[in-house]
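Single-structure report; data block below.
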Amino acid sequence: MHGRVEGKTALITGGGSGLGREAAMHLAEEGANIVVSDLNDDTAQATADEINAQRQGAAVAARHDVSSEEDWADVLKTTNSQFGSLHILVNNAGISIHGPIEEVAFETWKQVQEVNVDSVFWGCKLALPYMRESGGGSIINISSTAALYANPMTLSYGVSKASVSYMTKSIALHCAQQRYNIRCNSIHPTFIKTPLLERLADAAGRTVEDVHQSLGDVVPLGEVLEPRDVTFAVIYLASDESKMMTGAELVIDGGLTAGYLPKI
Ligand code: NAP
């Protein structure tokens, strides 16, 4: 099926790599006009070029540090001047730096909160006027299963993603109360085959295939996610098919947070 988000304008952060890149490609396939933003303008441009190779004029790229209020203001202005509307915001850019409480430096903790949490605060706050002007919209915040169950190594990351969950619900209820026709939901994937896991494998001195295998072994369905496993949920939440869904946590984890598989 195509055209599920036909005529809508979408801004995807961290769209130069991994999940963000796939979300931008998938939203474009379903008919949206796309602004691909990323800290790395070369990778953002490469995603936009690939979309434009299929549908000329459908995508533009922008350099964007999501922790910067000024950058958000600039990217939203670019979106509006390019396409004249904003209906879909995918707050996808994020970083993961591991370490337990006794080892993690305060600077690392702050950096993770700035990139993963301040970004969503600024993005939602500054996008709302543009979405209202466009007649409504859908905000999709990429959280993680790390928001839902703890791990000693993911202190900074898990707290940041739990903050995104709360922020999502609070913003969803505010927009509902104000009758803005703007919805806000979070997606909670488990491990996805993206460069984020490649870097984790490098840091551990292991091959990426080996890391996919051992992480897949703890997922009840037996494997880690492909980016498309998540972007189908992005399309659903971005489209009018989910018009009665707001403030929700959409979990895509192969059963990981449902419980455990007894070994006896
Ligand atoms: P990724 O391949 O590392 O992509 C993240 C993108 O965000 C990169 O293009 C990166 O740019 C960009 N970025 C980093 N800091 C930024 C900043 N300050 N401003 C703007 N862009 C910035 O990772 P991914 O796996 O696709 O992650 C996407 C989202 O999924 C993240 O929110 C992550 O927490 C979430 N997630 C991932 C997994 C997983 O297993 N992969 C699981 C659950 C949730 P550079 O390349 O220049 O650094």
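Of the residues that make up the stretch 48-64, is at least one surrounded by fewer than 20 Cβ atoms within 10 Å (Cβ to Cβ) and under 19 Å from Thr194 (Cβ atoms)? The answer is yes; a qualifying residue exists. In the stretch 219-245, the residue that is nearest to the ligand (Cβ to nearest atom) out of those that are in a loop (DSSP other than H, G, I, E, B) and open to solvent by less than 60 Å² (accessible area, probe 1.4 Å) is Val224.
Restricting attention to the stretch 1-45, the residues that are touching a strand residue (DSSP E or B) at 6+ places or on another chain (Cβ under 8 Å), open to solvent by less than 20 Å² (accessible area, probe 1.4 Å) and assigned to a loop (DSSP other than H, G, I, E, B) add up to 5.
Just one of (1) within 13 Å of the ligand (Cβ to nearest atom); (2) within 24 Å of Glu198 (Cβ to Cβ); (3) not in a helix (DSSP H, G or I) fails for Val115. It is (3).
Looking at the stretch 144-151, can you tell me whether even one residue there is in the same structural domain as Gly14 (by TED's automatic domain parsing), among the hydroxyl-bearing types (Ser, Thr, Tyr) and surrounded by fewer than 16 Cβ atoms within 10 Å (Cβ to Cβ)? Yes - at least one qualifying residue is present in the stretch 144-151. One residue stands out in the stretch 161-193 among those that are among the polar types (S, T, N, Q) and assigned to a loop (DSSP other than H, G, I, E, B): the one that is nearest to Ile140 (Cα to Cα), namely Asn181. Going through (1) part of a loop (DSSP other than H, G, I, E, B); (2) touching a Phe, Trp or Tyr at 6+ places or on another chain (Cβ under 7 Å) one by one, Leu215 falls short only on (1).
The values are calculated or read from the model by the stated rules, or taken from the named source; none is laboratory data. Only a predicted model underlies this, so the values are computations on that prediction, with no experimental measurement involved. Neighbour counts are summed over all protein chains in view; Cβ atoms, including those assigned to glycine, are modelled from backbone coordinates with ideal geometry. Accessible surface areas use protein heavy atoms only, side chains included; no ligands, DNA or RNA. Shrake-Rupley method; radii C 1.70, N 1.55, O 1.52, S 1.80 Å.
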